[in-house]
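Here the structure comes first, spelled out in structure tokens, and everything after it is commentary.
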Amino acid sequence: MKSFRKELWFQTSRRREYINITHEVEKCLIESSVREGIVLVNAMHITASVFINDDEMGLHSDFEVWLEKLAPEKPYNQYRHNGYEDNADAHLKRQIMGREVTVAITEGKLDLGPWEQIFYGEFDGMRRKRVLVKIIGE
Ligand code: ZN
């Protein structure tokens, strides 16, 4: 069995951002030379997500509005976590958008559905953060 590990680094210019990382994960897959197996992609931070959905700007805007209803960024003092920090909303947003995705690898390709794309979801950006890609298989 082959095993491959790589970290992808991101620094967004805004507090919240969605980045399509499907191509980056495909590059890892090529580097790993795994043909049949599993790839795990997870955020290594508790205020960021990795999730699969449509690469459609309207939907991303809908995510922003929906998440702001569930866990508004401001006022900061509405959250007990915000004693020394201002990112309680980012922890909550990450929780609902998820930590990781697992994708099957078939014949050397990501076995995704027709509209499925892999995203890094940043909720407390403007600093360097990373995503782990772990591939196992043959
Ligand atoms: Zn925090």
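Each reported figure results from applying straightforward, stated rules to the coordinates on display, with no laboratory input. Note that the structure is a prediction, hence the values are computed from the model and not measured. Here Cβ is always computed from backbone atoms with ideal geometry, including for glycine, and neighbour counts include all displayed protein chains.
How large is the charge dipole for the chain, taken about the Cα centre, if only the Cβ atoms of Lys, Arg (+1) and Asp, Glu (-1) carry charge, to the nearest 20 debye?
My answer is approximately 620 debye.
Test of understanding: express the Cα radius of gyration of region 2-137 as a ratio to 2.2 N^0.38 Å, with N the residue count. Show your work: numbers first, answer last.
Values: Rg = 15.9 Å, N = 136, 2.2 N^0.38 = 14.2 Å.
So region 2-137 has a normalised radius of gyration of 1.12.
Using +1 at the Cβ of each Lys and Arg and -1 at the Cβ of each Asp and Glu in region 2-137, identify which of Ala90, Leu110, Leu59 lies farthest towards the dipole's positive end.
The residue sitting most towards the positive pole is Ala90.
I'd like the Karplus ³J(HN,Hα) series for region 114-119: coefficients 6.51, -1.76, 1.60, θ = phi - 60°, whole numbers in Hz, and an x wherever there's a Gly or Pro.
Result, ordered by residue: x, 10, 6, 10, 9, 10 Hz.
Net charge within 14 Å of Met1 by Cβ-Cβ distance, Lys/Arg positive one each and Asp/Glu negative one each, not counting Met1 itself?
+2
Under 15 Å between C-alpha atoms is the cut-off here; go through region 2-137 and count lysine pairs that meet it, provided they're at least eight residues apart or on different chains.
Count of close lysine pairs: 9.
What list of ³J(HN,Hα) couplings, whole Hz, do you get for region 75-80 from phi and the Karplus terms 6.51, -1.76, 1.60, once you set θ to phi - 60° and write x for glycine and proline?
x, 4, 7, 6, 10, 5
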